[in-house]
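Participant: Questions regarding the structure given below will be posed in turn.
The values are calculated or read from the model by the stated rules, or taken from the named source; none is laboratory data. Because the structure is a prediction, the values reported are computed rather than measured. Heads up, the Cβs are rebuilt from the backbone with ideal geometry, glycines too, and the neighbour counts pull from every protein chain shown. Ligands, DNA and RNA are stripped out before the accessible areas are found, and what is left, the full protein with its side chains, is counted by its heavy atoms. Shrake-Rupley method; radii C 1.70, N 1.55, O 1.52, S 1.80 Å.
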Amino acid sequence: MSTGFNKKGVKVGVLLSGGVDSAVALYLLLKEGYDVTAYHMKTVKDELYITKEIKHKVCCSPSDTFDAQMIAKKFGVPFKIVHVEDVFKEKIVDYFINENLLGRTPNPCFFCNEYIKFGVVMDIALRDGMEYVASGHYARIIDGHLYKAVDESKDQSYFLASIRKEKLERIILPNGNYTKDEIRKIAQQQGIHVAQKVDSQDLCFLPDNDLKAFFKDAGIEVKQGNIITTDGRIIGKHEGLPFYTIGQRKLGIAAGSKFYVRAKNVEGNFILVAPVDELYDKHMVVSDLNIYDELPDEFRATVKIRKKFKEVGCTVRYEKEDGGRLFVTFDEPTFAVTPGQIAVFYDGPKVVCSGVIQ
C-alpha cells in the first residue's frame, strides 16, 4: 500500500461498513500514520431489517452500524454516519427496478461504487477536509491505475471498475496486497470483534434475495407469461420476467428436457428457453463505457462478464461515435452473455475499461 510519501497526519476518510475488511483497512491506515475518520453509510431505512426475517448476512443493517461504531471506538477515530437513503433509492434501487422491467439483469453493486461509495460519500469526506478516501475492497491502485488484488480469489476490481479514472488518485485500498486469511488473522491479532464475521451475501435493499417480496412491497405488479422453446413450443408459465436471468436452468416446471433461459421478451411477456448448447455466444456489444486508458481502434484483452466467471480472451473493436461502443469477439463461445450485466476488460492484472452489456 506504500505510496512513497510521509503519511503522518494526512487525513483519510475510511468507508467503515462494520465488517472485517473495512475494520482492518482502518487499522492498516492508522499503522501507516494516517489521520483517520470513519464514514458509515446508511443506504436504506433500518425498518427494512426490523420487519423482515433475514436469513443471510446483508450490509448496511442496524447491527453493522453498531459494529462500525464499536470498531471506531476501539481505535479512537471520529465516526460519522452518512445518510444516503434518498440518492441510493434514485440511483440504485430505481435503476434496479427499471432494468428488471426492461427485461435486463442489473448490477447494482457496480453502480453503488460509482454513485454512492465513491460518489456521494467520497464527496462528503473530501468536503470535510479528507485528502483521501479508503475502503476495505480487495483491489490495488498503482500509479493512478486500477489493478486486481494480490488475492485473485477475493479480487473486487470487477465491481470497482465503475469508478472514474480521475478519482483513483484520491483513493487508497489497503487490503489489496493481502489475502482474506491474512486480513482475518490481522483482525484477530488486533482484537477486532468482527474478525470472524460472515461476509455480506445479498443486496442491502433485497434481503435474502427475495425478488417477489421486493416487487410486491414496491407495489409493482409482475405478470405471468409463457415459456417458449426456440422451436416455438409453449412448455409452461413463468412467474414474471424479473425472476429469471439468462443462463438460468431452474424454471419451476417439468419440461422433460434440460432447458435454460436464452432470452426475455418484454413486449410479448415471454421467456425463450433452449438447450445448453444454444446458450453460447461468440460476440457481444458493450456501451456506457468507463475507460482508464486511451483505447486503440482494435485491441486484445481478457474480459469478465460476471463476478464469478473465468476471464475469456477476446478481440475488441472500439467505435468512438455515440458515446463509444465496444464490439467484442470472444476467443471461445461464451455462456450466458446477459444484457444489463457488466463487462470488465483486463490487460493482465490491470483494468483497461468497463461497460454495460447490450
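Participant: Where does helix 20-32 land angle-wise versus the long Cα axis of the chain, in degrees 0 to 90, nearest 10?
Facilitator: Between the helix axis and the principal axis of the chain, the angle is about 30 degrees.
Participant: At 0.36 nm per residue, minus the direct Cα-Cα distance, what do residue 265 and residue 307 gain on full extension? Give it in nm, one decimal, please.
Facilitator: Extra length from residue 265 to residue 307 when fully extended: 12.6 nm.
Participant: Please list, or write none, the lysines whose alpha carbon is within less than 17 Å of the alpha carbon of residue 8, excluding same-chain residues fewer than 8 places away.
Facilitator: Correct list for residue 8: 31.
Participant: Arranged from highest to lowest average of other beta-carbon atoms within 10 Å per residue, in what order do the peptides 31-44, 92-105, 285-298 appear?
Facilitator: In decreasing order of mean packing, 31-44, 92-105, 285-298 become 31-44, 92-105, 285-298.
Participant: Mind ranking 238-251, 214-227, 15-28 by how tightly packed they are, going by the mean number of other C-beta atoms within 10 angstrom, highest first?
Facilitator: So the order, starting with the most tightly packed, is 15-28, 238-251, 214-227.
Participant: Using a cut-off of under 20 Å, list every residue of segment 210-227 whose amide N is near the label point 7 Å from the Cα of residue 101 along the Cα-to-beta-carbon line.
Facilitator: 210-226
Participant: What do you get for the angle between helix 62-75 and the principal long axis of the chain? Use alpha-carbon atoms, 0 to 90 degrees, nearest ten.
Facilitator: Compared with the principal axis, the helix lies near 30 degrees.
Participant: Put +1 on the Cβ of each Lys and Arg and -1 on the Cβ of each Asp and Glu in segment 101-198; which of 105, 171, 190 then has its Cα farthest toward the positive end of the dipole?
Facilitator: About the Cα centre, the residue reaching furthest to the positive side is 105.
Participant: From the C-alpha gyration tensor of the chain, pull out the three semi-axes of the equivalent ellipsoid (sqrt of 5λ each), sorted largest to smallest, in whole Å.
Facilitator: For the chain, the ellipsoid semi-axes come out as 37, 26, 17 Å.
Participant: Now, a different point. What does the accessible area per residue of the chain come to in Å², with a 1.4 Å probe and no ligands, DNA or RNA counted?
Facilitator: So the chain comes to 47 Å² accessible per residue, rounded to a whole number.
Participant: Compute the signed sum of charges (Lys and Arg +1, Asp and Glu -1) over the other residues within less than 12 Å, Cβ to Cβ, of residue 251.
Facilitator: Net charge in that neighbourhood comes out at +4.
Participant: Can you give the angle from 0 to 90° between the axis of helix 180-189 and the longest principal axis of the chain, with both taken from C-alpha atoms, to the nearest 10?
Facilitator: Orientation of helix 180-189: about 30 degrees from the principal axis.
Participant: Compute a Gaussian network model of the chain, connecting alpha carbons closer than 10 Å, and tell me which residue from 183, 228, 305 fluctuates the most.
Facilitator: It is 228.
Participant: Next question, about the same structure. Subtract the Cα-Cα distance of residue 8 and residue 329 from 0.36 nm times their separation in residues, and report this length gain in nm to one decimal.
Facilitator: Between residue 8 and residue 329, full extension yields an extra 110.7 nm.
Participant: Charges at C-beta only: +1 for Lys and Arg, -1 for Asp and Glu. How large is the resulting dipole of the chain about its Cα centre, in Debye rounded to 20?
Facilitator: Dipole magnitude for the chain comes out near 840 debye.
Participant: Full-extension gain between residue 153 and residue 66, please, as 0.36 nm times their residue separation minus the C-alpha to C-alpha distance.
Facilitator: Computed gain between residue 153 and residue 66 is 28.4 nm.
Participant: I would also like to ask the following. What is the antiparallel percent of DSSP beta bridges lying wholly in the chain, to the nearest 5?
Facilitator: Given both bridge residues lie in the chain, the antiparallel proportion sits at roughly 70 percent.
Participant: Take the solvent-accessible surface of the protein heavy atoms, probe 1.4 Å, and return the percent of it on the chain that carbon and sulfur atoms account for.
Facilitator: That share works out to 50 percent.
Participant: Give me the distance between the Cα centres of segment 145-212 and segment 311-329, rounded to whole Å.
Facilitator: Between the Cα centre of segment 145-212 and that of segment 311-329, the gap is 28 Å.
Participant: Give me the lysines in straight-line cross-link reach of residue 264: C-alpha distance below 28 Å, same-chain residues under 8 apart excluded.
Facilitator: Excluding near neighbours in sequence, the set is 89, 91, 212, 216, 223, 237, 250, 282, 304, 307, 308, 310.
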